[in-house]
Amino acid sequence: ESRPFNILADDALQGGLKSTFNYSIEKWNLRIGIEMMTEKYNWQVYETNNGIEEALVNSFIEIRDPVNLFVLGAYTFINGGIIEAGLSYNFMNYNISDHISDSLDHSDKYRYEPVFSPYLGINYPLGDRLRMYASVSHGFSYPGVEETLLPEGHANPDLKPESGMNLELGTRLSARNGKIFADLNGYLLFVKDLLITER
């Protein structure tokens, strides 16, 4: 990527696994799971002269390891309504390796503070074809590698994950045994620690 003040060359490799355990008894359902990922991200920053690549300024490798543990419970009413409640526990470690041999070594290990995200939702029939649903949930997003890069090319470890609460209310009208449906919903999203790119 040729940028106004430098040229960024990067590539990434990702892999992960997810495992869940489900248990049902009568009208109760429980799901417990874990999701793990690893991302290796390489980036180099070069000086630019009117878009022509010149000397190498920075060269880093970052390895990020997010982990998500979750539990979700659901109860189904006699009329087909469902109420769900869940909780997820999330954390991430990342290591940065500086591959430029100069007096400043930016290599280090970091860890974001763990994040708990609760969820509560209900889906309730108002008739044969009409259902109402509502939910309250917490969500978050870790800063992407590109968002953490400072103009000098090294990472800013002081950023916090974006987080927020979502309130949602809606209805679903269905026909032809659910093959055709229409949704109408509204939501409010309250975000804090919003990340804004400054150029």
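The values are calculated or read from the model by the stated rules, or taken from the named source; none is laboratory data. All values reported here derive from a predicted model rather than from experimental measurement. Using ideal geometry, Cβ is built from the backbone for each residue, glycine included, and neighbour counts are taken over all protein chains shown. To get the accessible areas, we keep the full protein, side chains included, count just its heavy atoms, and leave off ligands, DNA and RNA. Shrake-Rupley method; radii C 1.70, N 1.55, O 1.52, S 1.80 Å.
Structure notes:
- Net charge over other residues, Cβ less than 15 angstrom from the Cβ of TYR75 (K, R count +1; D, E count -1): 0
- The value of relative contact order for the chain, using C-alpha pairs under 8 Å at least six residues apart, is 13 percent.
- Per residue, the chain exposes 67 Å² of accessible surface when a 1.4 Å probe is rolled over the protein heavy atoms with every protein chain present.
- Only Cα pairs under 8 Å and 6+ residues apart enter the sum, and on that basis the relative contact order of the range 16-94 stands at 28 percent.
- Here the accessible area of the chain is 56 percent carbon and sulfur, with a 1.4 angstrom probe and all protein chains present.
- Calculated FRET efficiency, THR197 to ILE78, Cβ-Cβ distance, R0 = 45 Å: about 0.30 to the nearest 0.05.
- Calculated mean residue ellipticity, 222 nm, the chain: -500 deg cm²/dmol, from DSSP H runs (n ≥ 4) at -39500 (n - 2.57) each, averaged per residue and rounded to 500.
- Percentage relative contact order, the range 48-105, counting C-alpha pairs under 8 Å, at least six apart: 41 percent
- Largest to smallest in accessible area, the residues HIS106, HIS154 fall in the order HIS106, HIS154 (1.4 Å probe, all protein chains included).
- Beyond 25 Å in Cα-Cα separation lie the following of the pairs LYS18/LYS179; LYS40/LYS109; LYS109/LYS160: LYS18/LYS179.
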